[in-house]
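Data block below; observations after.
Each value in this text was obtained by applying a stated rule to the coordinates, not by laboratory testing. Just so we're clear, the structure is a prediction, and the values are computed from it rather than from any experiment. Don't worry about glycine lacking a Cβ; one is built from the backbone with ideal geometry, like all the others, and counts go over all protein chains shown.
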Ligand SMILES: Nc1ncnc2c1ncn2[C@@H]1O[C@H](COP(=O)(O)OP(=O)(O)O)[C@@H](O)[C@H]1O
Ligand SMILES: [Mg+2]
């Protein structure tokens with residue numbers, strides 16, 4: 001039984017189960033003075049749920065267990081001699097068998113392997129059929145039981161609503177479990193890194209050059225993993241970005257929320273939001289091709305010599321990228337300040353600008369700070385612009401005209417290319433990742449707390 | 001339209017002459033003409049939507065802040081037209097204070113709430129003077145005793161009635177001549193209402209007060225004169241006692257006896 005015929009089969013059962021539940025409920029209602037406690041459709045839905053849920057669960061189980069079961073069967077089936085004669089061990093052998101095209105095997109393939117592949121194919125069909133029939137019989141049974149339950153005592157609506165809630169909870173758990181899984185794998189890999197490099201050297205070391213030697217006798221055969229230059233680089237670029245984004249973003253938010261007419265607003269606001277959707281690689285392009293050289297020529301003019309890859313180019317463009325983020329969020333926050341406060345201020349004889357400065361902005365401040373912190377954590381996590389405009393040289397410097405690099409950029413450079421997955425160099429990426437994760441996590445928590453406090457005040 | 005003569009020999013503080021107000025095309029007020037006496041409480045009553053708040057906002061030009069709102073006619077305060085081109089509404093509003101329906105203290109400390117007006121108008125030349133103004137205003141608003149130990153707490157931490165008195169203190173801190181109140185007690189419980197009403201009795205010795213209220217009893221209790229509005233028209237104006245005992249018009253009578261509203 002194939003997957004598609006299975007789906008169609010289930011669909012047909014589903015429709016008839018719903019129809020039967022519904023009709024049975026209608027019949028009960030019309031044959032007696034007593035009425036069912038819920039509307040007929042809920043009885044149909046109830047049966048449907050008891051069909052669909054077990055099906056989904058079964059399919060999920062099948063998908064997760066399938067490989068494991070088949071591998072075990074195959075390993076037991078393969079003759080020992082074949083296993084011993086195959087270089088690379090049993091796992092390689094299994095992988096090799098799986099890649100064989102049984103209809104049209106590559107000429108010269110070991111016939112024993114082809115036999116194994118055919119065996120695997122048959123077994124796989126067999127296992128699938130068992131699973132699908134198992135799923136069908138269990139869910140049809142459950143569906144049947146639930147149809148039997150239809151009576152004047154049974155409150156189907158409550159049961160349906162309960163299972164809806166269960167479904168919603170399951171979905172939200174998926175997101176949470178994924179996040180937790182990611183964090184744990186980060187921690188796990190980072191631990192392996194800290195087995196090779198001390199955590200103290202990592203957090204407080206001043207030099208970052210993770211190039212492991214290719215040969216043992218090479219100079220600097222041991223890379224150095226001091227993360228300080230990366231974090232200062234990140235901070236420097238973030239700082240420059242914020243110096244650009246905060247004043248401009250806030251000013252445009254104030255204009256939008258307080259001064260612009262509703263037509264201007266309805267044009268500018270969507271435009272800003274579109275700007276927020278420009279892929280960062282495009283901004284990176286702009287930074288590398290236009291802004292970087294501009295700063296270099298600018299400096300040339302005054303007789304300085306700066307690199308065309310510089311913190312200021314990357315930070316500046318990143319700032320521009322973040323402007324819509326800050327202005328859009330702050331605009332919402334400023335608009336949410338109750339009109340009654342503005343009226344109160346006007347009625348005291350305050351001008352528009354006094355009202356903004358002394359009443360509206362202070363009232364919106366917590367929300368604005370929240371917006372800024374969210375923007376900061378976005379800047380910290382930004383990679384593309386920095387790769388393109390600030391370079392990958394890990395300089396420990398506070399000079400914005402020099403090339404610096406950031407944590408995210410290093411993670412990328414550590415992981416691209418052919419790498420062994422247990423070298424310190426690769427594992428360092430995870431250590432950086434978890435550190436960065438902690439930083440932005442705390443920043444976000446703090447930002448959310450501030451935004452929360454702001455919400456409480458006016459509700 | 002009935003216009004009462006000057007009651008006793010009080011001086012006229014505000015004089016509304018043929019005031020009409022439009023929101024875009026809709027006429028919200030229609031040729032309102034009457035006089036408001038100095039240092040008296042004048043109440044504006046009428047069913048909701050009849051234009052009481054709109055009229056009140058004409059008196060301190062708060063209507064200017066609503067884009068679609070156009071005011072025609074003249075409002076004279078001390079015989080000067082406040083809609084004349086040379087009048088700055090910002091300065092006018094320092095002379096005509098306003099208290100709103102829902103207490104709207106700024107999210108600042110109690111002290112800063114009251115100090116707001118004096119500091120933007122530069123009324124105090126020193127810190128001591130500012131503090132003096134704030135404390136006197138709180139005293140006049142009958143709030144001082146309750147908040148003297150918590151002046152640096154935020155204004156929104158007070159109870160509704162206290163917040164409303166804080167707003168009154170804020171308004172009188174700039175020494176206005178007139179105080180407008182738009183249903184100042186509608187968000188308050190009966191006890192807080194009684195306290196504010198007592199305060200109004202006290203304030204009227206120094207200020208001209210115009211109060212919008214939807215409570216007939218309140219109008220009867222606090223005001224000397226009453227204006228009855230209906231659908232954008234001023235139906236009847238006169239001494240409160242006269243309006244409530246012998247209304248001249250049927251609409252007034254119906255409203256007072258609860259038949260319309
Ligand atoms: N900001 C506004 N924009 C448009 N129409 C308004 C506005 N404020 C009031 N109005 C209209 O003006 C009329 C009078 O309103 P208002 O003065 O608030 O009445 P009241 O205070 O007596 O209940 C109502 O019909 C109302 O719909
Ligand atoms: Mg009103």
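From the Cα gyration tensor of the range B:89-171, with a ≥ b ≥ c the square roots of its eigenvalues, which class applies: rounded if a/c is under 1.5, or else prolate if a/b is larger than b/c, or else oblate?
oblate
Taking just the C-alpha trace of chain B, give me its Rg and Dmax in Å.
18.2, 57
What order, most packed first, do the peptides A:73-80, B:222-229 have when packing is the mean number of other Cβ atoms within 10 Å of each residue?
My ranking of the peptides, most packed first, is B:222-229, A:73-80.
Taking each residue in A:349-355, count the Cβ atoms of any other chain within 10 Å of its Cβ, then average. What number comes out?
Across A:349-355, the average partner-chain Cβ count within 10 Å equals 5.
State, to one decimal in nm, how far the label point of residue A:5 lies from the label point of residue A:144, with both points 7 Å from Cα in the Cβ direction.
2.1 nm
Mind giving me the FRET efficiency for residue B:157 and residue A:365? R0 is 22 Å, r the Cβ-Cβ distance, nearest 0.05 is fine. Please list the in-between numbers first.
Values: r = 18 Å, r/R0 = 0.80.
FRET efficiency, residue B:157 to residue A:365: 0.80.
Checking the a/c ratio against 1.5 first, then a/b against b/c, what shape does the Cα gyration tensor give for the protein assembly as shown?
Judged from the Cα gyration tensor, the protein assembly as shown comes out oblate (a/c at least 1.5, b/c at or above a/b).
Count, for each residue of B:105-111, the Cβ atoms from other chains sitting within 10 Å of its Cβ, then give me the mean as a whole number.
Values: counts 3, 9, 12, 4, 0, 0, 0.
So the per-residue partner count for this stretch is 4.
Which of rounded, prolate, oblate describes the range A:3-193, given a ≥ b ≥ c as roots of the alpha-carbon gyration tensor eigenvalues and a/c under 1.5 marking rounded, otherwise prolate only if a/b is larger than b/c?
Since a/c reaches 1.5 but b/c is at least a/b, the shape of the range A:3-193 is classed as oblate.
P(r) tail for the range B:159-261, what percent of Cα pairs lie past 19 Å? Spell out each step's value before the answer.
On the way: 2394 of 5253 pairs.
The share of Cα pairs beyond 19 Å in the range B:159-261 comes to 46 percent.
If each residue's Cβ is checked for other Cβ atoms within 10 Å, how do A:6, A:302, A:401, A:225 rank with the fewest at the top?
Fewest-to-most ranking of A:6, A:302, A:401, A:225: A:302, A:401, A:6, A:225.
Can you give the mean number of other chain Cβ atoms that lie within 10 Å of the Cβ atoms in peptide B:58-65?
2
Whole-Å semi-axes of the range A:326-400's equivalent ellipsoid, largest first, each the root of 5 times a Cα gyration tensor eigenvalue?
So the three semi-axes of the range A:326-400 are 39, 13, 9 Å.
Relative contact order for chain B: what percent, with Cα pairs under 8 Å and sequence separation of 6 or more? Numbers along the way, then the final one.
On the way: 503 pairs, mean separation 72.5, N = 261.
Value for chain B: 28 percent.
What is the ratio of the Cα radius of gyration of the range B:150-210 to 2.2 N^0.38 Å, with N the residue count, to two decimals? Intermediate results must be reported in sequence, preceding the final value.
Values: Rg = 11.8 Å, N = 61, 2.2 N^0.38 = 10.5 Å.
Relative to the rule-of-thumb radius for its length, the range B:150-210 sits at 1.12.
Considering only DSSP beta bridges where both residues belong to the range B:112-261, give the percentage that are antiparallel (nearest 5). Before the final figure, lay out the partial values.
Numbers: 6 of 11 bridges.
The antiparallel proportion sits near 55 percent.
What angle, in degrees between 0 and 90 and rounded to the nearest 10, separates the Cα long axis of helix B:190-203 from the longest principal axis of the Cα atoms of chain B?
Helix B:190-203 and the main axis of chain B meet at about 90 degrees.
Full extension from residue A:153 to residue A:448: what is 0.36 nm times the residue separation minus their Cα-Cα distance, to one decimal in nm?
101.5 nm
Given the convex hull over the Cα atoms of the range A:224-458, what projected area results after averaging over all orientations, in nm²? Mind dumping the intermediate values first?
Numbers: hull surface 61.6 nm².
Computed as one quarter of the Cα hull surface, the answer is 15.4 nm².
Counting DSSP beta bridges in the protein assembly as shown, what percent are antiparallel, to the nearest 5?
60 percent
Measure nothing but the geometry: give the 0 to 90° angle between the long axis through the Cα atoms of B:127-140 and the longest principal axis through the Cα atoms of chain B, rounded to 10°.
Tilt of helix B:127-140: around 50 degrees.
Would you kindly compute the Cα radius of gyration of the range A:1-100 and its largest Cα-Cα separation (Dmax), both in Å?
Computed over the Cα atoms of the range A:1-100, radius of gyration and Dmax are 24.1, 79 Å.
Can you give the angle from 0 to 90° between the axis of helix B:160-172 and the longest principal axis of chain B, with both taken from C-alpha atoms, to the nearest 10?
That helix lies at roughly 90 degrees to the long axis.
What whole-number value in cubic angstrom gives the convex hull volume per residue for the C-alpha atoms of the range A:213-323?
Values: hull volume 17.5 nm³, N = 111.
Per residue, the Cα convex hull of the range A:213-323 comes to 157 Å³.
Nearest 0.05, what FRET efficiency do residue A:397 and residue B:17 give at R0 = 56 Å with Cβ-Cβ as r?
Given R0 = 56 Å and the Cβ-Cβ separation, E is 0.15.
Run the helix sum for chain B: -39,500 (n - 2.57) per DSSP H stretch of 4+ residues, divided by residue count, reported at 222 nm to the nearest 500 deg cm²/dmol.
-10000 deg cm²/dmol
Rg(Cα) of the range A:163-203 divided by 2.2 N^0.38 Å? Don't skip to the answer; put the middle values down first.
Numbers: Rg = 16.7 Å, N = 41, 2.2 N^0.38 = 9.0 Å.
Taking N as the residue count of the range A:163-203, the ratio is 1.86.
Can you show me the helix-derived [θ] at 222 nm for chain A, built from DSSP H runs with n ≥ 4 at -39,500 (n - 2.57) apiece and divided by the number of residues, rounded to the nearest 500.
Value at 222 nm, helices only: -25000 deg cm²/dmol.
Compare the peptides B:79-87, A:172-180 by average per-residue count of other Cβ atoms within 10 angstrom and give them in order, highest first.
The densest-packed peptide leads the list: B:79-87, A:172-180.
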